[in-house]
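Every number here is computed from the coordinates shown, using simple stated rules; none is lab data. As the structure is a prediction and not an experimental result, all values here were calculated from the model. We place every Cβ from the backbone using ideal geometry, glycine too, and count neighbours over all the protein chains shown.
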Amino acid sequence: MILTVDVGNTRIKASVFEGNTTLESFVFEKNELEKKIEKILEKYPKCSDLVVASVGNIEKQSFLTFENRLKVHFFTQEDVFPFHNKYATPKTLGIDRMILAAGATLQFPKQNRLVIDAGTCITYDFIDENDNYLGGAISPGLRLRYESLHNFTARLPLLTLEEPDSYVGNSTAQAIHSGVVNGFVYEIDGFIDEYRKEFSNFIIILTGGDADFLAKRLKNTIFANSNFLLESLSQTYQYKIDND
Ligand SMILES: Nc1ncnc2c1ncn2[C@@H]1O[C@H](COP(=O)(O)OP(=O)(O)O)[C@@H](O)[C@H]1O
Ligand SMILES: CC(C)(COP(=O)(O)O)[C@@H](O)C(=O)NCCC(=O)O
Ligand SMILES: [K+]
């Protein structure tokens with residue numbers, strides 16, 4: 001039994017796995033890290049490994065306190081991954097993106113794959129059918145768009161996610177919702193269309209905190225799985241054990 005932990009820039013997500021089966025998933029804030037992990041381990045004392053991917057400001061040291069109870073593995077760019085990394089700056093590639101790419105490679109062998117993670121940022125990651133990780137894109141996520149409109153202007157209010165009435169927003173609030181939500185959807189559909197011009201066939205995996213909201217709004221059909229990063233973390237860890 002293993003406990004996987006994904007430290008994003010907004011929240012921490014965790015899942016307990018028995019083999020490939022997810023037993024339970026959790027979401028919590030950064031200041032609750034230790035307390036929540038303690039609780040999970042109390043409930044699942046059979047966890048033998050704690051596996052972490054962090055792009056947030058929580059470092060390896062925060063997990064060392066658990067080392068006397070179980071094996072702790074904190075993924076870094078130095079680990080073995082099941083793809084050939086063609087990124088020009090592999091040392092600065094987000095570990096979350098590497099885990100997503102690894103999960104896509106292991107779960108969907110020998111095909112082109114595009115992974116879209118709609119979290120704090122939207123990240124796009126493309127792995128071709130020969131398992132070359134090519135790169136992708138990073139853009140502001142849904143909440144980040146609402147917040148930056150407010151933070152970097154004098155007159156725009158801070159709004160929370162709402163379905164726009166139309167793409168022609170007829171008030172300040174509706175114009176913001178249209179710009180953020182429709183812009184978000186158009187961007188993703190636009191990227192997918194662009195990839196289609198170059199690669200005739202590829203599967204698309206959509207994940208992240210906004211995946212479910214997005215999935216029904218995209219014109220492209222996609223496979224949405226909000227737990228894909230944690231599932232990938234469990235599979236990549238297994239891959240590491242088998243290939244180290
Ligand atoms: N309770 C919540 N708190 C914060 N963000 C949330 C919540 N529920 C949904 N979201 C959405 O999830 C996105 C963040 O996704 P998440 O996958 O948690 O990010 P990260 O992995 O970067 O921490 C935000 O853009 C926001 O719209
Ligand atoms: C792009 C990210 C900030 C996304 O973080 P997230 O939205 O998952 O919290 C993260 O993957 C990161 O810090 N990447 C480093 C730069 C890169 O991947 O090239
Ligand atoms: K992301």
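Neighbour counting of Cβ atoms within 10 Å sorts the residues Asp128, Asp210, fewest neighbours leading, into Asp128, Asp210.
Round to the nearest 0.05 the FRET efficiency obtained for Thr92 and Lys216 when R0 = 30 Å and r is the Cβ-Cβ distance. The value I calculate is 0.30.
The value obtained for the range 84-233, namely the Cα convex hull volume divided by the number of residues, is 117 Å³ per residue.
Counting alpha carbon pairs within less than 8 Å and at least 6 residues apart, what relative contact order, in whole percent, applies to the range 2-74?
33 percent
Label reach from Asn201 (point 7 Å along Cα→C-beta): in the range 105-142, amide nitrogens under 13 Å belong to 109-113, 129-130.
Fully extending the segment from Asn85 to Lys35 would add 14.4 nm, taking 0.36 nm per residue of separation and subtracting the current Cα-Cα distance.
Relative to one another, the C-alpha centroids of the range 35-84 and the range 154-221 are positioned 33 Å apart. For the set Lys30/Lys86; Lys35/Lys71; Lys39/Lys240; Lys71/Lys110; Lys39/Lys71, the pairs lying more than 22 angstrom apart at their alpha carbons are Lys30/Lys86; Lys39/Lys240; Lys71/Lys110.
Quick check on the exposure proxy: order Thr10, Thr123 from fewest to most C-beta atoms within 10 angstrom.
Thr10, Thr123
Between Asp165 and Gln107, the simple spin-label model (points 7 angstrom out along Cα→Cβ) gives 3.9 nm.
Taken over the range 2-74, the convex hull of the Cα atoms encloses 80 Å³ per residue.
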